[in-house]
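Read the structure below first, then the notes.
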Amino acid sequence: MPITKAAADLLTAPARGQKFLRDDQTVGFALRITAAGVKSFVFEGRVRGRVKRATIGRYPALSVMLARSEALRIKSEIAQGRDPVKDRAAGRKVTTFGELEQVYLERYAQPHKRTWKRDAQMIAGYVSKWRSRRLSDITTDDVSRLHQKLGKENGRYAANRTVALLRTMFNLARDWGHLDTPNPAMRIKFYHEEKRDRFLSPEELRRVNEALVEEPSAYWRAYFPLSLLPGTRRSELLSARWDDMDFDRKQWRIPSTKAGRPHLLPLPNAAVEILKALPRSSEYVFPGTGASGHLTEPAKVWQRIRKRAGVPDARIHDLRRTLGSWLAAQGQSLPLIGKALNHSNVSTTQIYARLDLEPVRQALEKNAELMMLEIPNFSRVSPQ
């Protein structure tokens, strides 16, 4: 089918990797979409026996008509024996942050990082206003102001991770010859981060549940309980697809996880009932209107909920941690907790060992009884 604006708008992102909408009028012309929802026009042609792919530009910033015209020009150059891909790469100079974003994701993040989708979401959520700015115009003061703003509105962890990502991107821009000025994110001092063992008590969970009822969106009313009951990670749940849910077996196959492997997650009955009650208006469980096709940022909604519930220090990830702590309090083993939460590193699960005090209590009680038997009048010994 020919690529049209309507077809381009309807193209949805894959669960991972990328997929193409190929044009049947201009052979080699295609629209590519990544798992992060980024759409770009490309042209593929054979140069001296080898298939080469040239990126033409992003959609919708570049119209279908202009992209097709550029594809025809590239096709003409190939017919004349030239290598337009090599010529474009040699002469291309990244000048804006938006151009750096595209090169960073395609050249570095996707080939080398399992968490590249999170990078794409972080840029889209926190730094999208910089896309039209020249790299050389972004200053240390700009990065510092962004760091402070995110620290106040999204938390210290999000602020630090964003600056760390910017630091990497600007370092690569310098390595690739796209930036001559010093890295503007290099001298930013990170906020102090303490390892958290915050989890919600039964009373706090009750208040959170009451606060959820006031949310107008059925999807957000379902999202946060589903973050707690099966203990899913934020990005995994947001991008969940109906095709991966098996209600007969009460399980969810998560195709791509932080651990870099698929994960088969058993679903409690309560989670199954919540999922079944949601309308199916999209391939995604939590559909959205953005480029990704699903909801992407629950932070602002959670801020409203936790404020109404009176737990202002609770983070979304604390819901997942709450599941682990409650399992530990019931005496479940650390390997089982790690499997439920899909931890790839045993040390990650060790935090829950501190929360199961009953074995410690029993050991201390047994030792105290032994001391009382072996040392007569021990309880009445007083300091000299």
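Descriptive notes on the structure:
- Accessible carbon and sulfur surface of the stretch 159-304 relative to its total accessible area, %, 1.4 Å: 50
- Reported value for the stretch 148-264: 194 Å³ per residue, from the convex hull of its C-alpha atoms.
- Sequence-distant residues sharing a close amide H with Y59 (under 5 Å, placed H): K39, S40, F41
- Options L200, T232, A222, ranked by Cα towards positive dipole end of the stretch 173-234, top entry (Cβ charges): T232
- The aspartates and glutamates within cross-link reach of K250, meaning a Cα-to-Cα straight distance under 19 Å and a gap of 8 or more places when in the same chain, are E236, E273, E283.
- Shape of the stretch 19-172, Cα gyration tensor, a/c cut at 1.5: prolate
- Prolate/oblate/rounded call for the stretch 186-253, Cα gyration tensor, a/c under 1.5 rounded: oblate
- The stretch 91-164: C-alpha gyration tensor shape, a/c 1.5 cut-off, then a/b vs b/c: oblate
- Over all directions, the projected convex hull of the C-alpha atoms in the stretch 230-339 averages 8.3 nm² in area.
- The C-alpha atoms of the stretch 120-202 occupy a region whose extents along the principal axes are 54, 22, 21 Å, arranged from largest to smallest.
- Cα-based Rg / Dmax (Å) for the stretch 8-64: 11.6, 35
- Orientation-averaged projection of the stretch 147-190 equals 2.9 nm² [convex hull of Cα atoms, one quarter of hull surface area].
- Pairs exceeding a 18 Å alpha-carbon distance, out of K152/K189; K152/K307; K117/K149; K149/K189; K152/K300; K19/K129: K117/K149; K19/K129.
- Kirkwood hydrodynamic radius computed over the stretch 1-103 comes to 14.2 Å, based on all pairs of distinct alpha carbons.
- Excluding ligands, DNA and RNA, the accessible surface per residue across the stretch 153-199 is 60 Å² with a 1.4 Å probe.
The values are calculated or read from the model by the stated rules, or taken from the named source; none is laboratory data. Everything numeric here is computed off the predicted structure, so don't read it as measured data. Cβ sites come from the backbone with ideal geometry, for glycine too, and all protein chains shown count toward neighbours. Heavy atoms of the whole protein, side chains included, go into the accessibility calculation; ligands, DNA and RNA do not. Shrake-Rupley method; radii C 1.70, N 1.55, O 1.52, S 1.80 Å.
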